[in-house]
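What follows is one structure encoded as structure tokens, with my remarks underneath.
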């Protein structure tokens, strides 16, 4: 996980408040990892039974967020503050947002046979969780996030070993779901063989694929797949975009440290030119909004105004969910972006990172056009 300021905290992943009861679909067996199809689909409308739906493959975590209410002094003292616990993980957050927008996603993920795993299941009752792999020999993913009184993340300590269990063997069990999906979303927690299989399958069936880079530590992993150029959408923040561009080109972009919004926009455009023109590159700029690059079509969209920010930890994932939901409703580019920005704003105004009630707002987002040759 990476260090983040307020402007990049869109990319830290939390989800909604959960109840304490555990879903009935996970059962004990003698195997190391196990799952059983859920009956949670009963609350979906009949139209969902045959409709194509998005599939999300990625991590689920429990995030423990400690926010100081006084200046942090690194001398071992106790600080006043607040501590909260919520469901998180890039893949799960996006799936959660899509579920709140009534897109009926399927999430393929891995959780431990522990209390944190129960917490994650309890927070997923509104989703189809037949794709949850329960692993007895791994702890559920967990992050401890330290936030200062200015709402800037100072550092994160995490145990993400369980994400290695989101294996090709597990993913293949849902081949029919993948082949019939309307949109495929991947986070950075998968391995090269899984990426190869998913991207090759989706490319052959003309299924759009969204890659969410997740974190500087893993955002480059996608390049280990020879199929990576078949990705249709990608959503890095500026720091991830810099790192991915360096790995992709072998060039050093460490000198890019924008001092103004204009610098941030133009440098984002310059870096995005390293990616195939066929790929939609959404560069998330936190409180500044986003830059969207579609071939030679380059636009900057300012963030929607927010009067009172309740949290800064789920807006980025909600933005991805909003864009995809609008895409599945066959909306225009400006409507997709407006939906993304609106969902981000709903998250910022909510006491939970992914609000329990979200609306798909389809206005026309205002933008500034830029040359792709910057």
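Quick check on residue 255: is it part of a helix (DSSP H, G or I) and farther than 25 Å from residue 341 by Cα?
No, not satisfied.
Is it true that residue 336 is closer than 19 Å to residue 151 by Cβ and assigned to a helix (DSSP H, G or I)? Walk me through how you get there before you give the answer.
Details: closer than 19 Å to residue 151 by Cβ: no; assigned to a helix (DSSP H, G or I): yes.
Answer is no for this residue.
Determine, yes or no, whether residue 260 is surrounded by fewer than 19 Cβ atoms within 10 Å (Cβ to Cβ) and out of contact with any helix residue (DSSP H, G or I) (no Cβ under 9 Å at 6 or more places or on another chain). Show your work before the answer.
Details: surrounded by fewer than 19 Cβ atoms within 10 Å (Cβ to Cβ): yes; out of contact with any helix residue (DSSP H, G or I) (no Cβ under 9 Å at 6 or more places or on another chain): yes.
So residue 260 fits the description; yes.
List, please: which pairs have Cβ atoms under 6 Å, are six or more places apart or on different chains, and start with a residue in the range 114-135 that is within 15 Å of residue 94 (Cα to Cα) and end with one that is assigned to a helix (DSSP H, G or I)?
Close Cβ pairs satisfying both conditions: 126/99; 127/99; 128/40; 128/41.
With the requirement that a residue be in contact (Cβ under 8 Å) with a residue 24 or more places away in the chain, surrounded by fewer than 17 Cβ atoms within 10 Å (Cβ to Cβ) and either in a strand (DSSP E or B) or on the phi > 0 side of the Ramachandran plot (or both), what does the range 65-80 give you? I'd like the intermediate steps shown before the answer.
So in the range 65-80, the residues in contact (Cβ under 8 Å) with a residue 24 or more places away in the chain come out as 65-72.
Right, trim to surrounded by fewer than 17 Cβ atoms within 10 Å (Cβ to Cβ) and you get 66, 69-72.
Passing the criteria: only 66.
Has the range 349-361 got at least one residue that is out of contact with any strand residue (DSSP E or B) (no Cβ under 7 Å at 6 or more places or on another chain) and not in a loop (DSSP other than H, G, I, E, B)?
Within the range 349-361, not a single residue is out of contact with any strand residue (DSSP E or B) (no Cβ under 7 Å at 6 or more places or on another chain) and not in a loop (DSSP other than H, G, I, E, B).
A quick yes/no check of all residues on (1) within 14 Å of residue 93 (Cα to Cα); (2) touching a helix residue (DSSP H, G or I) at 6+ places or on another chain (Cβ under 8 Å); (3) surrounded by 20 or more Cβ atoms within 10 Å (Cβ to Cβ):
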| site | (1), (2), (3) |
| --- | --- |
| 311 | no, yes, yes |
| 324 | yes, yes, yes |
| 329 | no, no, no |
| 336 | no, yes, yes |
| 356 | yes, yes, no |
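Does residue 179 qualify as being more than 18 Å from the chain's Cα centre (by Cα) and under 23 Å from residue 327 (Cβ atoms)? So that I can check it myself, show each step before the final result.
Numbers: more than 18 Å from the chain's Cα centre (by Cα): yes; under 23 Å from residue 327 (Cβ atoms): yes.
Yes.
Residue-by-condition table, conditions (1) surrounded by fewer than 24 Cβ atoms within 10 Å (Cβ to Cβ); (2) touching a helix residue (DSSP H, G or I) at 6+ places or on another chain (Cβ under 7 Å):
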| position | (1), (2) |
| --- | --- |
| 93 | no, yes |
| 103 | yes, yes |
| 116 | yes, no |
| 120 | no, no |
| 125 | yes, yes |
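Can you tell which of 104, 139 is modelled with pLDDT of 95 or more, touching a strand residue (DSSP E or B) at 6+ places or on another chain (Cβ under 6 Å) and not in a strand (DSSP E or B)? Spell out the reasoning first.
Numbers: 104 fails: touching a strand residue (DSSP E or B) at 6+ places or on another chain (Cβ under 6 Å).
After ruling out the rest, the residue left standing is 139.
Using the structure shown, decide if residue 152 is more than 18 Å from the chain's Cα centre (by Cα) and under 22 Å from residue 98 (Cα atoms). Reasoning before the result, please.
Working: more than 18 Å from the chain's Cα centre (by Cα): yes; under 22 Å from residue 98 (Cα atoms): no.
No.
What do you reckon, is residue 226 over 18 Å from the mean Cα position of the chain (by Cα) and either part of a loop (DSSP other than H, G, I, E, B) or over 22 Å from residue 191 (Cα atoms) (or both)? Give the steps one after another, and end with the answer.
On the way: over 18 Å from the mean Cα position of the chain (by Cα): yes; either part of a loop (DSSP other than H, G, I, E, B) or over 22 Å from residue 191 (Cα atoms) (or both): yes.
Judged against the criteria, residue 226 is a match.
Can you pull out every residue in the range 85-98 that is in a helix (DSSP H, G or I) and more than 21 Å from residue 175 (Cα to Cα)? Show your work before the answer.
Initial filter on the range 85-98 (in a helix (DSSP H, G or I)): 90-98.
Answer for the range 85-98, where residues must be in a helix (DSSP H, G or I) and more than 21 Å from residue 175 (Cα to Cα): 90, 93, 96, 97.
Look at the range 234-252 and say how many of its residues are touching a helix residue (DSSP H, G or I) at 6+ places or on another chain (Cβ under 8 Å) and not in a loop (DSSP other than H, G, I, E, B). Reasoning before the result, please.
So the first thing to find is which residues in the range 234-252 are touching a helix residue (DSSP H, G or I) at 6+ places or on another chain (Cβ under 8 Å), and the list is 235-245, 247-248, 251-252.
Applying the additional criterion that residues be not in a loop (DSSP other than H, G, I, E, B) yields 237-245, 247-248.
Of the residues in that region, 11 qualify.
Going through the range 286-304 one residue at a time, which ones are modelled with pLDDT under 95, in a loop (DSSP other than H, G, I, E, B) and either crowded, with 16+ Cβ neighbours inside 10 Å or at negative phi (or both)?
Of everything in the range 286-304, just one residue is modelled with pLDDT under 95, in a loop (DSSP other than H, G, I, E, B) and either crowded, with 16+ Cβ neighbours inside 10 Å or at negative phi (or both), namely 296.
The values are calculated or read from the model by the stated rules, or taken from the named source; none is laboratory data. Owing to the predicted nature of the structure, the values given are computational and were not obtained by experimental measurement. Note: ideal-geometry Cβ built from the backbone for every residue, glycine included; neighbour counts use all protein chains shown.
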